[in-house]
Every structure is written in structure tokens, then in C-alpha cells.
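Notes follow once the structure below has been shown.
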Amino acid sequence: MNARRAIVLLSGGLDSATALAIARSRGLECRTLAVSYGQRHAVELQAAARISRQLGALEHRQMNVDLAAIGGSALTDSSQAIPEQPSTGIPVTYVPARNTLFLALALGWAEVCEAREIYIGVNAVDYSGYPDCRPEFIAAFGKLADVATRAGVEGGRFRIEAPLIAMTKAEIIRAGMALGVEYASTISCYQADPQGRACGRCDSCRLRREGFVAAGLPDPTRYVPAGI
């Protein structure tokens, strides 16, 4: 019997690394996909390749989509400042259509390699309020996958798995630690430097740091030294 196959979207951050570990713990044969989309913190792509190897993925690929050409986000437009204080509403770090495009790329690869499960590390509890991290979005994309592909119309249904979606950051960290995730290898910071060191001030750094505190675990994140 063929092993169950999955495509795991892997950004190089804490959440996607945990999603990969969960997929592997469920006995899935995993291939990982990172996307270079013009993000300012492109050093995360190196972390994605590293994590893929550490967690035993069968294959890792990087695809390129120039979302910087669209703009509309502080993550792809260096002229916009990365917020360093919590804000209300959807923050300027939201990247228009990012997760829709990421899942579409994963869906295409899944169809070719006959994988029927796609894992994405979105979270709707301790997160920045992005609309494409909600259960409604995941459910809608699952319906799209079944009508937009040859495999889907021929009866091969796809499952879009978001195992972290209802977990707190502390719960995610504890789950990943139990599964052997090396969080020191992950990069979550929106403005990490070329060495992968975190700023310690952006929303992503804040959520990550608070998660380790709530989990009662030491934070292995490498931060830029104060004053630099």
C-alpha cells in the first residue's frame, strides 16, 4: 500500500515547523514547499530548507512569486515600517492573497505527486488577525480544491489540514517540543537580519516570545544585540 502523501507549506517559522512535525507524526510522507515572494525577511527561506531536513521530509522545493510587485504590505515594501506596537484591525504586515497563492502552488504540486493532503501552519488564536488564517478560509479553499483540479473532479478529494488553527502559541510550542522540533532553527521575525537574528520588537517576535513564556520554556530565539 502506498504511503499517505502530503505537501507541507514551510515558511521557516515556528508554526509551519510544528505543522510539519505533526504531519510526520501522523505517518505521512511529506514534501515541503517554501515560497520566495519578495519578503523582506528572506533569510527565513534558509531556515525552511534546514527544518525540512531536520524533520525528515522526503523533498523540499522553493518556488518564486513576486508579490513585491503588487505591494500593499510592509513585508514586501521596505518603504513601509514594520509595526513594533500592537495595533487594532488587520495590520500592514498582511500580504494580500499570500496564503491563497501559497495553497494554490501546494495544490498544483500535490496533484502532480498524487498527494491528497496539504498542511499549512495558520493559527486563529495567537495571531495578527490576518483574514487568510481563519477556519472559514481553510474550509473555502478545500471546496475550491475539489472543483478546480482534475484529481478533484475525478473523485480524489483533497484535505487542507490546519492542525494549529485553534491552538494557543504555548500549546503549539509544547506540541512541537514533544515532537522534536528544534525551535532554535526557526525564524519568525518580520525583520530578521541576514544572520537570522530576530528584532525582538515586531508583532511576530512578541507573539513568539509570549508563547515561550506561557509554555514555561526557555526562548531559544537569537536576537539582535541591544544597541545595534
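The values are calculated or read from the model by the stated rules, or taken from the named source; none is laboratory data. For clarity, every value in this text was computed on a predicted model and none was experimentally measured. Quick reminder, even Gly has a Cβ in these numbers, built from the backbone with ideal geometry, and neighbours come from all protein chains shown.
Data overview
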{"quantity": "The lone exception for Ile82 - which of (1) closer than 25 Å to Cys30 by Cβ; (2) in contact (Cβ under 8 Å) with a residue 60 or more places away in the chain it fails", "calculated": "(1)"}
{"quantity": "Ala68 vs. criteria over 17 Å from Val122 (Cβ atoms), hydrophobic (A, V, I, L, M, F, W, C) and free of Cβ contacts under 8 Å to residues at least 24 places away in the same chain", "calculated": "no"}
{"quantity": "Residue count, the stretch 171-213 (criterion: over 14 Å from Gly12 (Cα atoms), touching an Asp or Glu at 6+ places or on another chain (Cβ under 9 Å) and among the aliphatic types (A, V, I, L, M))", "calculated": "3"}
{"quantity": "Qualifying residues in the stretch 13-39 (those that are more than 14 Å from the chain's Cα centre (by Cα) and either in a helix (DSSP H, G or I) or of a type outside the set (Lys, Arg) (or both)) - the one surrounded by the fewest Cβ atoms within 10 Å (Cβ to Cβ)", "calculated": "Gly27"}
{"quantity": "Residue that is modelled with the lowest pLDDT [pool: residues in the stretch 100-130 that are under 15 Å from Gly156 (Cβ atoms) and of a type in the set (Val, Ile, Thr)]", "calculated": "Val112"}
{"quantity": "Residue list for the stretch 1-15, restricted to those being touching a strand residue (DSSP E or B) at 6+ places or on another chain (Cβ under 6 Å) and modelled with pLDDT of 95 or more", "calculated": "Arg5, Ala6, Ile7, Val8, Leu9, Leu10"}
{"quantity": "Within the stretch 161-177, considering residues that are crowded, with 23+ Cβ neighbours inside 10 Å and touching a Leu at 6+ places or on another chain (Cβ under 9 Å), the one nearest to Ser128 (Cα to Cα)", "calculated": "Lys169"}
{"quantity": "Filter result (surrounded by fewer than 17 Cβ atoms within 10 Å (Cβ to Cβ) and within 17 Å of the chain's Cα centre (by Cα)) within the stretch 183-205", "calculated": "Ala184"}
{"quantity": "Any hit, the stretch 41-48, residues being over 22 Å from Cys199 (Cβ atoms) and either out of contact with any Asp or Glu (no Cβ under 6 Å at 6 or more places or on another chain) or surrounded by 13 or more Cβ atoms within 10 Å (Cβ to Cβ) (or both)", "calculated": "no"}
{"quantity": "Candidates Gly180, Gly152, Gly156, filtered to the one that is surrounded by fewer than 21 Cβ atoms within 10 Å (Cβ to Cβ) and in contact with a Phe, Trp or Tyr (Cβ under 7 Å, 6 or more places away or on another chain)", "calculated": "Gly152"}
{"quantity": "Selection count, the stretch 35-67, where residues are hydrophobic (A, V, I, L, M, F, W, C) and more than 21 Å from Ser78 (Cβ to Cβ)", "calculated": "7"}
{"quantity": "Among the candidates Gly142, Gly152, residue that is under 23 Å from Cys30 (Cα atoms) and modelled with pLDDT under 95", "calculated": "Gly152"}
{"quantity": "Residue within the stretch 29-43 that is within 19 Å of Arg98 (Cβ to Cβ) and among the basic types (Lys, Arg) present", "calculated": "yes"}
{"quantity": "Total residues in the stretch 40-65, condition part of a loop (DSSP other than H, G, I, E, B), at pLDDT 95 or above and either among the charged types (D, E, K, R) or touching a Ser or Thr at 6+ places or on another chain (Cβ under 9 Å) (or both)", "calculated": "4"}
